[in-house]
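K.L.:
My questions all concern the structure below.
Taken together, the values in this text are just the output of simple stated rules run on the coordinates, not laboratory data. All values reported here derive from a predicted model rather than from experimental measurement. Heads up, the Cβs are rebuilt from the backbone with ideal geometry, glycines too, and the neighbour counts pull from every protein chain shown.
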């Protein structure tokens, strides 16, 4: 080629290549110094877009992990608080168990109830003060709370924590049937005991024979309590209407088929002749006699068979003609607070037939702390027939009508009228409520006679009001609080057990959510690692490869400088032509 001076093509080529090498060297140094393969959009436009998306996802997943850990912190805070509440409930149940024996006096039971009241206050204090970042956890307001634990919206885990105050836990169902005065074979079925199926018990005979009665039925129910969730107790007790007055039993006087015979007894059974005569055969009859604090005769069937009196026990015993056959009251309790739905055959023999009046109520832990109202007390089985309440006699409008037609010797002029000194009529009047008639069969509606202690216009009131209103004419009244009575202590045991089950269920629910969140966090962590790895593949520099590129660019830069110098030096050859 020719020699040119104005245009040094070789030098220009060397410069152009040196510029490219310089850019490569600068880019390589930039990557090596920053650690990034992409330092600007020009480095890799599509790669940068993908890497930015991956980085956003990774950062969001990192915050989701933080959210999940916050959720775990909230749930663990609630869990530990409920663990302390469970210890309190264990103590309450232990103290109720301590009170549930007649070796305790009213004073010691009252002291135990005071301890239980304090424990309930602390339980409520924990429920009302446990919080996380100012948010109440155990008050019942923490429901359906969401925690974002995904990189896209609405990828959440929901959690709820039930209320744990004493007014919200321990809700226990109590149901007690009417007094049973008829025998028979009972077939009992609990409907939908598990929400789906019915549970049919074996048929049980209700009679006065050994191994029968409500005791046998309660045993059958309790044997299957783990399946049905229903437990049973019974109260077969006949209580005289008034304090024992002097009298004589007939020669054919018998209890449960065992003849006791003629017994003369004094006012108040002063010498114990009546009580002793009955107790002499108690191992055969299953019936034990005693006197209550009001001097009334009390006949109790310990094993739950019926009590049937034949012959005459005497007018002075306080036992009415309507009380001569008694099969007791059956009480049922269920620890989930739901209604106990029953069906079956001959349920009237256990006081739970279609026309019978079943006292029922659901009671929370806090309600057991104060005075137990009449309705609740009756549902819990506090009031046996004529025990704690008046006799309810249907079919007679007045005491005179009853006395003159029952063959009891209480007719006018018999020596037992008001003012005779025996006060028989007064005792009977104070111990019974006379109802003229029953109407609306099966609907539990009664007509109430005038002078029976009921107000005018009450003839169509439901009998449940007669039976369970506080301080009503039927004599069913409020009971003292909690464990201050044996029945109350038993009830508090049931309620405390329900409360423990409630808290265990709440803890189990939040424990499941904790496991769910932990698994989600573990999965998110793995996802975040993989996303960061994918981003790194695009955005981060490979130092080994880039070091090789840098070495190449560096060498080329040096060789380019040498080439440019040589290209410039080659122009000196033109001067030789001019010499």
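K.L.:
What nm distance separates the two modelled labels at residue 36 and residue 276, each placed 7 Å from Cα along Cα→Cβ?
P.N.:
So the label points at residue 36 and residue 276 sit 10.8 nm apart.
K.L.:
Would you mind calculating the gained length between residue 288 and residue 108 on full extension (0.36 nm times residue separation, minus the Cα-Cα distance), in nm to one decimal? Spell out each step's value before the answer.
P.N.:
Numbers: separation 180, 0.36 × 180 = 64.80 nm, distance 2.77 nm.
In short, 62.0 nm is gained.
K.L.:
Is the shape of the range 156-248 best called rounded, prolate or oblate, per the rule: a/c under 1.5 gives rounded, else a/b larger than b/c gives prolate, else oblate, with a ≥ b ≥ c the square roots of the Cα gyration tensor eigenvalues? Mind showing how you got there, number by number?
P.N.:
Numbers: a/c = 4.01, a/b = 1.74, b/c = 2.31.
Because a/c hits 1.5 or more and a/b fails to exceed b/c, the range 156-248 counts as oblate.
K.L.:
On to the next question. Within 10 Å of each residue's Cβ, count the other Cβ atoms and sort 193, 265 from fewest upward. Intermediate values should be presented prior to the final figure.
P.N.:
Values: 193 20, 265 25.
Exposure proxy ranking, most exposed first: 193, 265.
K.L.:
Let me ask something else about it. Compute the Cα gyration tensor for the range 487-539, then decide on rounded, prolate or oblate, letting a ≥ b ≥ c be the square roots of its eigenvalues: rounded whenever a/c is under 1.5, prolate when a/b is larger than b/c in the other cases, and oblate in all that remain. Before the final figure, lay out each step's value.
P.N.:
Working: a/c = 13.19, a/b = 11.28, b/c = 1.17.
Prolate, since a/c reaches 1.5 and a/b exceeds b/c.
K.L.:
Rounded to the nearest Å, what's the spacing between the alpha carbon centres of the range 184-261 and the range 67-86? Just the number, please.
P.N.:
What the calculation gives is 47 Å, centre to centre.
K.L.:
Order by neighbour count: 207, 301, fewest other Cβ atoms within 10 Å first, most last. It would help to have the intermediate numbers written out before the result.
P.N.:
Numbers: 207 19, 301 27.
Ascending number of Cβ neighbours within 10 Å: 207, 301.
K.L.:
Could you list 46, 53 so that the one with the fewest beta carbons within 10 Å of its beta carbon is first and the one with the most is last? Please report the intermediate quantities before stating the final value.
P.N.:
Values: 46 9, 53 13.
Fewest-to-most Cβ neighbours within 10 Å comes out as 46, 53.
K.L.:
Using a ≥ b ≥ c from the Cα gyration tensor of the range 246-325 (square roots of the eigenvalues), is it rounded, prolate or oblate, where a/c under 1.5 gives rounded and otherwise the larger of a/b and b/c decides, a/b for prolate? Show your work: numbers first, answer last.
P.N.:
Numbers: a/c = 1.42, a/b = 1.22, b/c = 1.16.
The shape class here is rounded.
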